[in-house]
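What follows draws every value from the coordinates through simple rules; no lab data is involved. Keep in mind the model is a prediction, meaning the values are calculated, not measured. Backbone-built Cβ (ideal geometry, glycine too); neighbour counts: all protein chains shown.
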Amino acid sequence: MPVQRTDTALTVEHQQRFQSLDQLSTLIAVLHRDGTVKFANASLENTLGLSRRTLEGTEFAAFFADPALLQTALTGAREQDFAALRYEAALKRLHQDPVPVHVNVTVAESPEEVMVELWPLEQQARQDREERLRDQAQANKELIRNLAHEIKNPLGGIRGAAQLLEMELDSRELSEYTQVIIHEADRLQSLVDRLLAPHRHPHLVGDVNIHEVCERVRSLILVEYPQGLKVQRDYDISIPEFRGDRAQLIQALLNVAQNAAQALTERIARGDACITLRTRVARQVTFGRQRYRLALELHVIDNGPGVPDAIKERIFYPLVSGRDGGSGLGLTLAQTFVQRHHGLIECDSVPGRTDFRILIPLP
């Protein structure tokens, strides 16, 4: 880790001068001409896992897997060989793998400063993924509503005709066939109702304590799976209340947690299944094309087999399920409810660990 110099510190003047850089999702460091950090914005702090005060005065090149690239760029800046230089590098992070980044080095307005801008490649990939999720959710919404209405009208006619036919039949054996028609019509009606549920209920906004939501879901899961499953709490109790629809958030979290529990069937039988509910505050994060000062991070982590590769990219599609007998609606509805709160759900899954992360803006 770079050695910190104690002879440099940000003045109040510097803080005011660079304050606007904290609002950017781009990672930015303003360096002295000798390559030491004069200012680091909030996004860079979050990515490196180090505070601004810790970063001040350190050799910024030491945070890269190949420090020589930045050192060469700084030499060129000092000698005025270029106005701006861009290259790709790997940025080291505290207790994490390096993150690949685009690096842009420019000579600042002050002759004694160099600005280094970094764009994580994973951030761009995430933004692309979020864009697909939003487009997918909107397409799903229109498809579901149109399809459900198209199914619902003839379904009522089929059921009514079967009931009338049953009244005219004298044979008990033939009546069994009409009962099959009525039963299957009712099953389809129930499916249609579930598809339309998110669009029927009004969005009832009130003060929400996310840990009350978590505790409610935790108790429901443990009632359903009383043996072989442990539901751990890992809460940040400093998270403030926010405005939202408590019932919808309970349903969204319950759907995700039930999905996790259903994936743990084999481990529940062995008695070593575990789901962790983790809450954290994310600062200066960007999702849904917007930058948020604070956001809730709610993780549902399980130690199951992971999401099958065949459906990883489609798990939020309606009627896509990774288990026999699954309706494929739970995660679709959860995503819909969370998006009503201007948030989204992401999934990161490998064998032995699946993490569904719910992001919701905080005031």
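Centre-to-centre separation between the Cα atoms of the stretch 223-248 and those of the stretch 23-93: 40 Å. Working ranking of peptides 163-171, 94-102 by packing, defined as the average number of other Cβ atoms within 10 Å per residue, highest first, is 94-102, 163-171. With a Förster radius of 41 Å applied to the C-beta separation of V350 and L188, the computed FRET efficiency comes to 0.65.
Rounded to the nearest 20 debye, the dipole magnitude of the stretch 12-121 is 220 debye, with +1 charges on Lys and Arg beta carbons, -1 on Asp and Glu beta carbons, and the Cα centre as origin. Residues whose amide H lies under 5 Å from that of F316, counting only those 5 or more places away or on a different chain, are absent; hydrogens are built 1.01 Å from N in the peptide plane. Going by neighbour counts of Cβ atoms within 10 Å, the residues R278, R78 line up, fewest first, as R78, R278. Take the Cα of Q80, step 7 Å toward its Cβ, do the same at E266, and the gap between the two points is 6.8 nm. Listed by Cβ neighbour count within 10 Å, with the fewest neighbours leading, L254, L147 appear as L147, L254. The 3J(HN,Hα) values that the Karplus relation (6.51, -1.76, 1.60; θ = phi - 60°) gives for the stretch 206-222 are, in residue order, x, 6, 10, 9, 5, 6, 5, 4, 4, 5, 4, 5, 4, 5, 5, 5, 5 Hz. Gly and Pro appear as x.
For the listed peptides 41-49, 17-25, a ranking on the average number of other beta carbons within 10 Å per residue, highest first, reads 41-49, 17-25. For the pair I158 and N146, label points projected 7 Å from Cα toward Cβ lie 2.1 nm apart.
Seen from C274, the other residues with C-beta closer than 14 Å to its C-beta sum to a net charge of +2, counting Lys and Arg as +1 and Asp and Glu as -1. The 3J(HN,Hα) values that the Karplus relation (6.51, -1.76, 1.60; θ = phi - 60°) gives for the stretch 152-162 are, in residue order, 5, 5, x, 5, x, x, 4, 5, x, 5, 5 Hz. Gly and Pro appear as x.
What ³J(HN,Hα) values, in whole Hz, does the Karplus curve 6.51 cos²θ - 1.76 cosθ + 1.60 give for the stretch 280-286 when θ = phi - 60°, with x put for Gly and Pro? Each residue of the stretch 280-286 in turn: 9, 9, 9, 10, 6, 10, 10 Hz. Among 218-225, 68-75, the peptide with the highest mean count of other Cβ atoms within 10 Å heads the list, and the full ranking is 68-75, 218-225.
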